[in-house]
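Novice: Have a look at this one before I ask anything.
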Amino acid sequence: MSNLSRSAVVIGLCATALVAVAGPASAAWTPPQELQSTAGRHPLFAAYGASGAASIGMYGPLALMPGTPQAPVAISSMAAGGGFGAPAALPDGLGAPLAVSPGGTLLAVGGPRSPLDYVGLEGPRSRLRVGIGPVGDRPRRIPTRGIVGTRTLATAVNDSGDAAVVFSRCVNSSCSTRSVLATFRRRGRSFTAPVVLAGRTGYPAAAVAVNARGDAIVAWIQHRARGRGNDVRARMRRSDGTLTKVRLAGPTAPVPTIAVTLSRARRGVVSWFSERVGEGSVGGPLTVSWAQMDSRGAIGTRRVLDTGTPSGHGEADAVRGARLRAVFGADGVTTFAWTGFAGGHYVVRAERIDRDVGRVETISPPSADAQLMDLAGDSAGDAIAVWASVPGTTTTPGVAAVIRPAGATAFGAPQLVLTGADASGSAAGAIAPGGRAIVAGGAVEVLNRSDPPGVRVTQLLR
């Protein structure tokens, strides 16, 4: 195991084989450790706090008849002695969607149904609850002025506690039509009255980011009022409360995966992953697109990053949802990572966008199916991408970490850091200045599994 955990993944003669070669001695990953009391849980995020201690957020165990619309969320943090403690549940029914700032400030929400709620779509309107605080500590409740919703969609927070929450409400009794709203907070204050983003749309999807100054960018899916089809739209809210106009980023299929970033200079990037859309019809290859937004909120350059697999490809069900992640680096550059398709295989790709210039690189073996799990950065400009092999496509299932050091323009070779199907069903990673990194892996979600495995963690220590 230790040899594999210190290895770089290279391509063998067999398309389903992952071959290990020794990695540099200065970049040794520790032997995997199973966290105590984590049976049946799944990694949700990994993060470093302000003190430099690592924390792993996880959800589960999953129940067939959950008592609340929030899947249980707990956090295991590194103790002073270097080991991880038992996971502590978030208080007050707080849960996902979670947001963690680069400096380790955590935002959690409760009340309306969670994106992790797999039982139903929307339920009765519930009051929104929000907690903010250092990751690993008990979050402090933030007043929300009685805001109600039926589903939470996206959250964001910065190191200072400026925050945003995007949520939806059912418009009709069947909840086939919904509205999408957002509420914002400046540090030390309560959340604002909700801003209506989409008055009427179908199944909602959204993303939000908050920069270091407290400005926010929101992107969401909106059904066209006339004609068939859906669009991704975006809007910016400056820290003084000024709202820009709603802008069209581009067409999309229903329920895309959306990611956004926003620089300190209020330059945003909106990206989305969905089926190709043309002339009012939906179908064909999956596509990854992005659009840039300037400081005034106007959309500039648009581009398609990748065109992938046709719908219904044999492994489409194995890749559990289209994954797209975006982070904003210390160098002012946005980095994307996503699950793409090439040569009959799912591959993980990344692109670093410097103004309008970007270069796509494949950061997983081109002849082994892989799916993106996570993408994270730190305040120094380092970045880490985490991907896992697609179940059933390789003789050595596992989780790989790929690091791009600060100042570099390309990711290095992937290193296989966790092996086994019970570690590669879900994964998360984090990186910190000075060359430290952490990856957590867990099993695929299974309801009422009789012998659920725990979450495993490995660390890169310098």
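Novice: What residues qualify as long-range amide H neighbours of R113, i.e. H under 5 Å apart, gap of 5 or more or another chain, H built at 1.01 Å from N?
Specialist: Placed amide hydrogens put G123, R151, T152 under 5 Å from R113.
Novice: Using the Cβ atoms and a cut-off under 13 Å, what net charge is assigned to the surroundings of P134, where Lys and Arg are +1 and Asp and Glu are -1?
Specialist: On the way: positive: R138, R140; negative: D137, D159.
Spelling it out: positives minus negatives among the neighbours equals 0.
Novice: Something else now. Considering only DSSP states other than H, G, I, E and B, which trypsin sites (Lys or Arg not before Pro) in segment 332-427 qualify as loop sites with at most 11 other Cβ atoms within 10 Å?
Specialist: Details: sites: R349, R352, R355, R359; in loops: R355.
Those satisfying the criteria are R355.
Novice: When the Kirkwood radius is taken over all Cα pairs of segment 363-462, what Stokes-Einstein diffusion coefficient follows at 20 °C and 1.002 mPa s, in µm²/s? Please list the in-between numbers first.
Specialist: Values: Rh = 13.9 Å.
Result for D is 154 µm²/s.
Novice: If you don't mind, another one. How would segment 76-167 be classified by its alpha-carbon gyration tensor: rounded, prolate or oblate, with rounded meaning a/c under 1.5 and the a/b versus b/c comparison settling the rest?
Specialist: Prolate.
Novice: What relative contact order, as a whole-number percentage, does the chain give when Cα pairs under 8 Å and 6 or more residues apart are counted?
Specialist: Relative contact order, the chain: 14 percent.
Novice: How do the peptides 140-148, 198-206, 41-49 rank, highest first, by the average count of neighbouring beta carbon atoms within 10 Å per residue? Don't jump to the answer; show the numbers that get you there.
Specialist: Values: 140-148: 15.0, 198-206: 19.8, 41-49: 25.7.
Averaged packing, sorted descending, gives the order 41-49, 198-206, 140-148.
Novice: Based solely on C-alpha atoms, express the radius of gyration and the Dmax of segment 121-275 in angstrom.
Specialist: Cα only, segment 121-275: 15.2, 49 Å (Rg, Dmax).
Novice: Rg (Å, one decimal) plus Dmax (Å, integer) for the alpha carbons of the chain?
Specialist: Rg, Dmax (Cα atoms, Å): 20.7, 61.
Novice: Under the Karplus relation 6.51 cos²θ - 1.76 cosθ + 1.60, θ = phi - 60°, what is the ordered set of whole-Hz ³J(HN,Hα) values for segment 406-414, x standing for Gly and Pro?
Specialist: 4, x, 7, 9, 9, 6, x, 6, x
Novice: Sticking with this one: Which value at 222 nm does the chain reach when only helices count, each DSSP H run of 4 or more adding -39,500 (n - 2.57), with the total divided by all residues and rounded to the nearest 500 deg cm²/dmol?
Specialist: For the chain, the value works out to 0 deg cm²/dmol.
Novice: Counting DSSP beta bridges in segment 358-462, what percent are antiparallel, to the nearest 5?
Specialist: Counting DSSP beta bridges with both partners in segment 358-462, the antiparallel share is about 95 percent.
Novice: Take each of the peptides 125-131, 436-442, 171-177, 86-92, average the number of other beta-carbon atoms within 10 Å over its residues, and list them starting from the highest.
Specialist: Working: 125-131: 19.1, 436-442: 28.4, 171-177: 11.7, 86-92: 15.6.
Packing order, densest peptide first, comes out as 436-442, 125-131, 86-92, 171-177.
The numbers here are math on the coordinates, done by the rules we state, and not lab data. Predicted model, so just to flag it, every value in this text is computed and none were measured. Quick reminder, even Gly has a Cβ in these numbers, built from the backbone with ideal geometry, and neighbours come from all protein chains shown.
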